[in-house]
Amino acid sequence: MARKTMPPNQGKDLDPRKATILEAVVAEHIDTAQPVGSSSVLQNTDIDVSPATVRTEMVSLEREGYLAQPHTSAGRIPTDKGYRYFVDHLETGVLGPAQQMQVREFFSKVRGEVEDVLEQTSSLLSQLTAYTSVVVGSAHTQATVLSAQLVSLDPRHLLLVTVFSDGTVSKHTVVPSVPVSFETCTEASRQMHALLIDTTLQQPVQVPVSNNAVATVVREAVAVLHAKRPTMEGESMYIGGASHVADSYDQVETVRQVLSILEQELLVVSLVQDIIDKGLSVAIGAENGQVPLATSALVVAPVTIDGEKVGAVGLLGPTRMKYKEALAAAESVSREITRHFEGTNT
């Protein structure tokens, strides 16, 4: 099945011969990083026409913005528009047997909460593809509270453990203003759970106003939780295989610029979220909206658990990245994260 991920106002279909020529140019350029000539196109396709006809079609594709000629007498290379057409007409790929085994073994052994698994997944994705991985964990601003418990560590220190509907678990230390007995902590935990259940951290809650010990503990614990509530800026990001940036780009300056982008966590999180919000699985070149990423592509796949988005996995590489393999890896890992946690919760 073809992958339809084109932005608005793009996506004009080419006639079959032009489409075949364009796909042959893109595929060879991805493999070789060199301009592609008409003779190579003829060797790699079953088009039954003369080299002159292929050259004419390549000139037409250049005029329409799908190909570019780096210098006179050279072959052609794809433009962002050419890569976009190629990606939007890719057949769905699958991981190879060895990679599938690697993914299965990873998820059979990985342990921890959602954010812990996402962090470890960044290394897995990078190993599968030899590209730099970008994994984003949701700030769970829209997730509802499934459970809220207070645990007494000692009379002056309580542990607040909150479980959210997206599978994440937060833990905060509460230092009460007065010593708290075990019995008071237990009753405060019961009341706080009833108060917070099915609410989000963005919703105000009616905390007790009385001054008895239990109400005081509940009020102070809720204040700690809401003071720590995450915002979009609080989303977590994990980078895997940053060293692959140096292997993926030819120019040292490009490597430096891409690494500088990866250091800006909020920018990368916003970029991934923007791609997903547009309904895309790939952003190519200028579509990233960042000049340092003008020669880069970002492949993303959202991660959902029980129907709620809890993050996204992605791969960053040059525009001539191996899209089918990168898409297969991102989608496979995203799917396995969902299975892992939904299976854990059943």
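No lab work stands behind these numbers, since they all come straight from the coordinates. Every value quoted in this text rests on a predicted model; they were computed, and no experiment measured them. Please note: Cβ atoms are built from the backbone with ideal geometry, for glycine as well, and neighbour counts cover all protein chains shown.
Taking amide H positions as placed 1.01 Å from N in the peptide plane, with prolines and chain starts having none, which residues 5 or more places from residue 311, or on another chain, fall under 5 Å of its amide H?
Amide H neighbours of residue 311, under 5 Å, 5+ apart: 138, 303.
Can you give me the distance in nm between label points at residue 178 and residue 205, each placed 7 Å from the Cα along the Cα-to-Cβ direction?
For the pair residue 178/residue 205, the computed spacing is 2.1 nm.
Please identify the helices of the chain, taking whole runs of DSSP H, that span at least 15 Å along their own axis as judged from the Cα atoms and have a mean Kyte-Doolittle score of 1.0 or higher.
Working: long enough: 16-32 (24 Å, 0.09); 51-63 (18 Å, -0.30); 97-109 (18 Å, -0.87); 114-129 (22 Å, 0.14); 182-196 (21 Å, -0.13); 213-227 (21 Å, 1.46); 252-262 (16 Å, 1.06); 265-277 (18 Å, 1.40); 323-345 (33 Å, -0.69).
Result, helices passing both filters: 213-227, 252-262, 265-277.
Could the peptides 50-61, 297-308 be put in order, highest first, of the mean number of other beta-carbon atoms found within 10 Å of their residues?
On the way: 50-61: 16.2, 297-308: 21.3.
Listed from highest to lowest mean packing, they are 297-308, 50-61.
Looking at the stretch 63-128, which trypsin sites (Lys or Arg not before Pro) are DSSP coil and have at most 14 other C-beta atoms within 10 Å of their C-beta? Can you show the working numbers first?
Working: sites: 63, 76, 81, 84, 104, 109, 111; in loops: 111.
Hits after loop and neighbour filter: 111.
Can you bin the stretch 16-88 into rounded, prolate or oblate? Criterion: square roots of the alpha carbon gyration tensor eigenvalues sorted a ≥ b ≥ c, rounded for a/c under 1.5, prolate for a/b above b/c, oblate for the rest.
Details: a/c = 1.28, a/b = 1.16, b/c = 1.10.
Rounded, because the longest to shortest axis ratio a/c is under 1.5.
Restricting to Cα pairs below 8 Å that are 6+ residues apart, what does the relative contact order work out to for the stretch 16-88? Please round to a whole percent. Can you show the working numbers first?
Working: 87 pairs, mean separation 27.3, N = 73.
Result for the stretch 16-88 is 37 percent.
How much net charge surrounds residue 47 when only the other residues with a Cβ under 10 Å from the Cβ of residue 47 are counted, with Lys and Arg +1 and Asp and Glu -1? Provide the component values of the computation, followed by the final result.
Working: positive: 17; negative: 46, 48, 57.
With Lys, Arg at +1 and Asp, Glu at -1, the net is -2.
Suppose every K and R has +1 on its Cβ and every D and E has -1 on its Cβ; what is the size of the dipole of the chain about the Cα centre, in Debye to the nearest 20?
Working: 27 positive and 40 negative charges, 27 e Å.
My answer is approximately 120 debye.
Using each residue's phi in the stretch 284-295, evaluate 6.51 cos²θ - 1.76 cosθ + 1.60 at θ = phi - 60° and report the 3J(HN,Hα) Karplus result to the nearest Hz, with x for Gly and Pro.
10, x, 4, 4, 6, x, 10, 4, x, 9, 5, 10
Once each part is reduced to its C-alpha centroid, what is the distance from the stretch 150-184 to the stretch 50-84 in angstrom?
So the separation of the two Cα centres works out to 64 Å.
Lys/Arg Cβ at +1, Asp/Glu Cβ at -1, dipole of the stretch 145-230 taken about the Cα centre: which of 159, 199, 225 is farthest positive-ward?
Most positive-ward Cα: 225.
Would you tally the net charge around residue 317, using a Cβ to Cβ cut-off of less than 15 Å, leaving residue 317 out, and scoring K and R as +1, D and E as -1?
Here the count lands on -3.
Based on Cβ point charges of +1 for Lys and Arg and -1 for Asp and Glu, what charge dipole magnitude is obtained for the stretch 75-141 about its Cα centre, in debye rounded to the nearest 20? Walk me through the intermediate numbers first.
Working: 6 positive and 8 negative charges, 57 e Å.
Here the stretch 75-141 has a charge dipole of around 280 debye.
So for each of 248-256, 153-161 I average, over its residues, the number of other beta carbons within 10 Å; can you give me the resulting order with the highest mean first?
Working: 248-256: 13.3, 153-161: 14.9.
Going by the mean number of other Cβ atoms within 10 Å, highest first, we get 153-161, 248-256.
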